[in-house]
2 protein chains.
Amino acid sequence: MPSEAKLRELRARLLEICDLGWAGAALSWDQATYMPAGGAPARARQIALLGRLEHERLTDPALGRLLDALAPYAEEHEDEDARLIAVARRDFDKAIKVSASYVKRANALGAASYSAWRIARPEDDFASMRPYLEQSLELTREYVEFFAPYRHMIDPLIDDVDQGLTCADIHALFDELRRELVPLVDVICNRPPADDRCLHGEFAQRSQLEFGLKVATDFGYDLERGRLDTTPHPFCTKFSDADVRITTRTYANELSQSLFSILHETGHALYEQGIAPELSGTPLGKGTSVGVHESQSRLWENVVGRSRNFWQHYYPKLQQDFPQLGKTPPESFYRAINMVARSPIRTDADEVTYNLHIILRFDLEIDLLEGRLAVKDLPEAWRARYQSDLAITPPDDRDGCLQDVHWYSGGYSGGYSGGVGGAFHSYAIGNILAAQFYAAALRAHPDIPNEIRAGEFTTLRNWLTQNLYRHGRKLKPAEIVARATGEPMTIKPYMAYLRSKYGELYRL
Amino acid sequence: MPSEAKLRELRARLLEICDLGWAGAALSWDQATYMPAGGAPARARQIALLGRLEHERLTDPALGRLLDALAPYAEEHEDEDARLIAVARRDFDKAIKVSASYVKRANALGAASYSAWRIARPEDDFASMRPYLEQSLELTREYVEFFAPYRHMIDPLIDDVDQGLTCADIHALFDELRRELVPLVDVICNRPPADDRCLHGEFAQRSQLEFGLKVATDFGYDLERGRLDTTPHPFCTKFSDADVRITTRTYANELSQSLFSILHETGHALYEQGIAPELSGTPLGKGTSVGVHESQSRLWENVVGRSRNFWQHYYPKLQQDFPQLGKTPPESFYRAINMVARSPIRTDADEVTYNLHIILRFDLEIDLLEGRLAVKDLPEAWRARYQSDLAITPPDDRDGCLQDVHWYSGGYSGGYSGGVGGAFHSYAIGNILAAQFYAAALRAHPDIPNEIRAGEFTTLRNWLTQNLYRHGRKLKPAEIVARATGEPMTIKPYMAYLRSKYGELYRL
């Protein structure tokens, strides 16, 4: 078979893998949005079936043989097909290393652990989660052995989500970040606190959705290829390059959470909608890594959406839609949505403290994986780190080490979906890269802040599309960062951004 | 392998076939309800993929060998497993007879023909549909050859949807029905016509949906296992025994169409929700035939939903929700929703004229299939039959022989979904059986009309569940009819129903 025919077969196989994943995603979306309660058991079975069929195709020895036959092509060329072969090879090699028995046990533990956590967390019952977490750690240790040898046991987990990064890289990055953040948080929290009462009250939920969707479409979210629905937990999902949907959750008594979650998910959606259409249906047709994906949600949510320039344009419109804000000056609103406070909850954290929540989780994961920290001692270690890094003690485990689902969603089974290790660090990388990409965009187009002040985002979005979105996985994360920003990942733009924005806000 | 293990394997295989079908149905539902326009091409591909995977499993030779091995069990037993084996055998035998090449060509023609019809109908352009219809007839003739020998070439098509019925049966039934209906329509249409102006005006669409859904749940539609959405064409669909959804279309300027379409789809949904849960995930876990299914939509829509007893309870509530009806007396409303009129459009037809629309379509299908009527002469034959049976001439082909999608949705590919032949007769059977089932329920529970007058439907629904719904396909259509009503299908209860209701309404 000539290369052309082999490439056609490869693309056909990869498209079928994509389509099975996308079909499963559509069933999951329905489960989260409109499915009646009774539909749950059959739906879980149907999603699992599609997952199994996808996995069978992803690990099909015939796919391996095809990739073997195409290896010379990939070596001799530097075109898109060569990249496609390389990335497909990587996915195939990783997939076949994990035993079917492992996947089955990990999924089973995942379901059981998640159900238990849904009961244990509100009851502040860490003891009942201990055996699940212990089993999850055991499974994770089993998982990383599939990828031996490795330098650190968390490296294979990191590689699943942020190709090219290692434990050592992240440690170096986080150590530096922590050294800068702890004193910055200290000094900010010694200033008079901001007042966010204007965000509390009664806010029509339909108006919240309409306002959020208006901003999302102004950002460039294409509703011909997307839509917004409401779910208990916001997410962005994709059923093809031309159907990328987002969800949010509205609160009748709080204005900002739903809005910023829409902007966050819009960032993810802009990335997926911006990938070059010719990559669709292949492993190249998605975001290059979880960290880079998070950089886009954070960029649009925070760097743009919580900026003074942005609200100069949108605040009068917000006041129109929510007349109760009529007496709140723009500056008070701006301070409210950027209030810095030491809180025990990661998801409530502001831009300045957020990464401290992440860093301590990453360190605790390492300690758990290495066996230096026993699961039974996790609550105590958690409290100690919150005290040392954030100078607060969580009131209980509910809002302590039980707060995030990630560690309790089971046996690690690859990717973003949970387990211990590889689950949190990408959020911090997202924050760091958001600032780094934005700074690079500004260097190229110094007029971007003025455009944002006019409710115009085309230049920024186009720069991101050209330098980041359109490439999908054709470029590795480090290539994307280096090409787009001219240097490797660095915390400097991020710290400069924080110091500038919060220095002004808190008159440091 | 002992029978127990074989039966377990059979059930596992059949469940996977069901789940693939249901997953595809969920994707189709999303396509009709919420999918953004851009999602269409990938969605069509994903639905086709799931259909192909389902078909591969349905025709898997290993399934055939398993059924062979289980054949002795089915012969020696009379239990549910024996029924399951028999029905699975029937489905398998039918599926393997049709060549993959045929299915591919039929689907391709279906897509092309449907797209062409969407343009040709509004343009009243029958000429452009002629080649599609000719090809469709050719394909249908090819299809029936897979099932040779047969007595009449439409018999295999009928068998796909209404097992046990033949062309001869339906001809006999329809001849009798036509002899009774033509003079009845004549005499009614010579009476002063009813006035349905009260149904026209401005009616809040949300209120229409709420009222319809209230009635649906009063009927017994379980929203823990279902939901109502809006789509251009109403339908009922199913993703498991515990997720049976309906849709409707509302009109801002007409009150009755959306309401009765909700009641119609609710009838289908009650049937599916009423099937014994232990049959779910097997070929027994669905309605026994299209004709019997239609009897349930018609029973709840017409026999119950257009009855005087029903509106005695609901009309005051309808007036509350739609105050513009305040001055319309109950009797005027009742006459409006049961207005008999000769109209060219099947879907607008009342209970009395409706079957005449069906009978003439069935006769024309036979003529087309037998080659006695050329496609080019169809418009003329259509007009002649509308003149002779309904004493009207359609104004054009748009509202003549182009009005229904069925003949233009392609190559016949089994079942309900279109093509020439086997597409229309089930609607008439539904009308006939609705009256026959209802009469039997009344004999068993003479109090049912009083309950309906009180907005109570439990006795009727329970009788239908016991005698019809719960059996799924465990009993054949003729067995269901005979056991539930004590006699074979007959038009007598239907004609008695029409004569009684419309005799009173039109003072005959």
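Some values worked out for this structure:
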quantity	calculated
Residue under evaluation B:Gln257, criteria (1) in a strand (DSSP E or B); (2) within 26 Å of B:Gln319 (Cα to Cα), criterion not met	(1)
Positions within segment A:117-136 being touching a helix residue (DSSP H, G or I) at 6+ places or on another chain (Cβ under 6 Å) and buried (at least 16 other Cβ atoms within 10 Å of the Cβ), in sequence order	A:Trp117, A:Ala120, A:Phe126, A:Met129, A:Arg130, A:Tyr132, A:Leu133, A:Gln135
Odd one out for A:Thr465, checked against (1) of a type in the set (Val, Ile, Thr); (2) farther than 24 Å from A:Ser280 by Cβ; (3) in contact with a Gly (Cβ under 8 Å, 6 or more places away or on another chain)	(2)
Odd one out for A:Gly422, checked against (1) under 19 Å from A:Asn302 (Cβ atoms); (2) crowded, with 22+ Cβ neighbours inside 10 Å	(1)
Any chance A:Ala454 is farther than 27 Å from A:Ala194 by Cα and small (Gly, Ala, Ser)	no
Some residue of segment B:31-41 being of a type in the set (S, T, N, Q) and within 14 Å of chain A (Cβ to nearest Cβ)	yes
Count of residues meeting criterion [in contact (Cβ under 8 Å) with a residue 12 or more places away in the chain and closer than 17 Å to A:Ala496 by Cβ] in segment A:445-458	2
Test: residue in segment A:182-189 that is free of Cβ contacts under 8 Å to residues at least 60 places away in the same chain and either in the same structural domain as A:Arg249 (by TED's automatic domain parsing) or more than 29 Å from A:Gly421 (Cα to Cα) (or both)	no
Among residues of segment B:231-245, those that are in a strand (DSSP E or B) and of a type in the set (Asp, Glu), counted	1
Segment A:42-52, residues that are under 12 Å from B:Glu16 (Cβ atoms), more than 7 Å from chain B (Cβ to nearest Cβ) and either within 24 Å of the chain's Cα centre (by Cα) or surrounded by 19 or more Cβ atoms within 10 Å (Cβ to Cβ) (or both)	A:Ala48
Helices (runs of 4 or more DSSP H) completely within segment B:117-230 that count 1 or more residues being modelled with pLDDT of 95 or more and within 14 Å of chain A (Cβ to nearest Cβ)	B:205-219
In segment A:117-135, the residues that are of a type in the set (Lys, Arg) and without any contact (Cβ under 8 Å) to a residue 24 or more places away in the chain	A:Arg118
Scope segment B:452-508; condition β-branched (Val, Ile, Thr) and surrounded by 14 or more Cβ atoms within 10 Å (Cβ to Cβ); matching residues	B:Ile452, B:Thr459, B:Thr465, B:Ile480, B:Val481, B:Thr485, B:Thr490, B:Ile491
Which numbered condition B:Gly21 fails, given (1) away from every other protein chain (no Cβ under 14 Å); (2) of a type outside the set (Ser, Thr, Tyr); (3) over 25 Å from A:Ser280 (Cβ atoms); (4) within 25 Å of the chain's Cα centre (by Cα)	(1)
Pair list, Cβ < 6 Å and 6+ apart or interchain, from segment A:140-161 residues that are in the same structural domain as A:Ser101 (by TED's automatic domain parsing) to residues that are in a helix (DSSP H, G or I) and surrounded by fewer than 17 Cβ atoms within 10 Å (Cβ to Cβ)	A:Phe146/A:Lys97
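The values are calculated or read from the model by the stated rules, or taken from the named source; none is laboratory data. Please read these numbers as outputs of a predicted model, since none were measured by experiment. Glycine gets a Cβ as well: all are built from the backbone with ideal geometry, and neighbour counts include every protein chain shown.
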